[in-house]
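Take a look at the structure set out below.
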Amino acid sequence: MNVKKQMFQIIGAIFFGNFGSSVFSFATSLYILQRTGSALGMGLSLIISPIVTLLLTPYVGYVVDSFNHKRILIFSQLATIVALIVFGFLLIKYSKYYFVELIVLLIFLKIADSLLQNTLQSSVTQLVPKENFQQLNSIVQSSNSLATVVSPLVGAALFSIIPFGYFAFLKLFQKLLLYVLFF
């Protein structure tokens with residue numbers, strides 16, 4: 001496989017993984033604000049991602065260093081797909097417990113995204129030539145910044161036109177598309 005295609009796959013997988021998760025996370029926080037009127041609940045949902053990242057970074061690094069990268073990538077994507085399906089049906093059936101379900105899902109999604117991103121970044125040495133590392137890292141950082149800036153706008157726009165119940169299925173579609181296109 002040529003270098004440009006490998007780089008495109010890595011950048012695309014990381015960008016779309018981060019972008020989709022950020023859109024879902026922001027829409028979730030808006031949903032919590034809408035349902036409860038509580039800015040504290042909204043803030044809690046927004047702070048989940050950085051807290052999970054901070055607490056799990058050493059463990060994610062250990063898992064990435066200890067296990068087969070392809071299996072980690074496939075497992076994290078499939079586990080996310082299953083979690084989103086379960087969440088979608090739980091939200092429909094037990095909608096009064098939505099807050100706990102959402103927080104657990106956000107934690108789970110952040111763990112899976114951390115596994116995805118760290119595994120891809122540690123696989124770079126095997127996927128692209130050494131002379132392309134700096135270029136790839138630069139583009140990955142730029143795409144992460146773009147996802148961070150654009151995702152709240154997209155999340156808010158989608159939240160205003162799509163009922164929140166469909167967000168889990170949109171995220172599921174995004175994960176399935178990511179899995180098919182990049183793995």
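The values are calculated or read from the model by the stated rules, or taken from the named source; none is laboratory data. Keep in mind the model is a prediction, meaning the values are calculated, not measured. Cβ: placed from backbone, ideal geometry, glycine included. Neighbour counts: every protein chain shown. Note: areas computed on protein heavy atoms with side chains; ligands, DNA, RNA excluded. Shrake-Rupley method; radii C 1.70, N 1.55, O 1.52, S 1.80 Å.
Couple of notes before you dig in:
- Crossing angle, helix 133-161 versus the chain [Cα axis fit, 0-90 degrees, rounded to tens]: 20
- Against the main long axis of the alpha-carbon atoms of the chain, helix 69-93 sits at an angle near 10°.
- Computed FRET value (nearest 0.05) for Tyr166 with Leu46, which takes r as the C-beta separation and R₀ as 22 Å: 0.60
- If you run the Gaussian network model on the chain, springs between alpha carbon atoms under 10 Å, then out of Asn132, Asn18, Asn118 the most flexible one is Asn132.
- Choice from Thr80, Thr125, Thr28 with maximal GNM fluctuation in the chain (Cα, 10 Å cutoff): Thr125
- Potential extension, Thr57-Gln126 segment - 0.36 nm per residue separation minus Cα distance: 22.6 nm
- Backbone geometry of region 168-174 corresponds, through the Karplus equation with coefficients 6.51, -1.76 and 1.60 at θ = phi - 60°, to 3J(HN,Hα) couplings of 4, 6, 5, 5, 4, 4, 4 Hz, x marking Gly and Pro.
- R0 of 45 Å, Cβ-Cβ distance Lys96-Gln134: FRET efficiency to nearest 0.05: 0.30
- Helix 98-127 axis versus longest C-alpha principal axis of the chain: approximately 10°, rounded to the nearest ten.
- Sulfur and carbon atoms: percent of accessible area, region 2-63 [1.4 Å]: 74
- Per-residue extension of 0.36 nm, minus the Cα-Cα distance of Ile107 and Asn2, leaves a gain of 34.2 nm for this segment.
- Simple label model, 7 Å out from Cα along Cβ direction - Arg35 to Leu146, nm: 3.3
- Translational diffusion of the chain, µm² s⁻¹ [Kirkwood Rh, Cα pairs; Stokes-Einstein; 20 °C; 1.002 mPa s]: 126
- Of interest is the spacing of the C-alpha centroids, which for region 140-183 and region 49-104 amounts to 16 Å.
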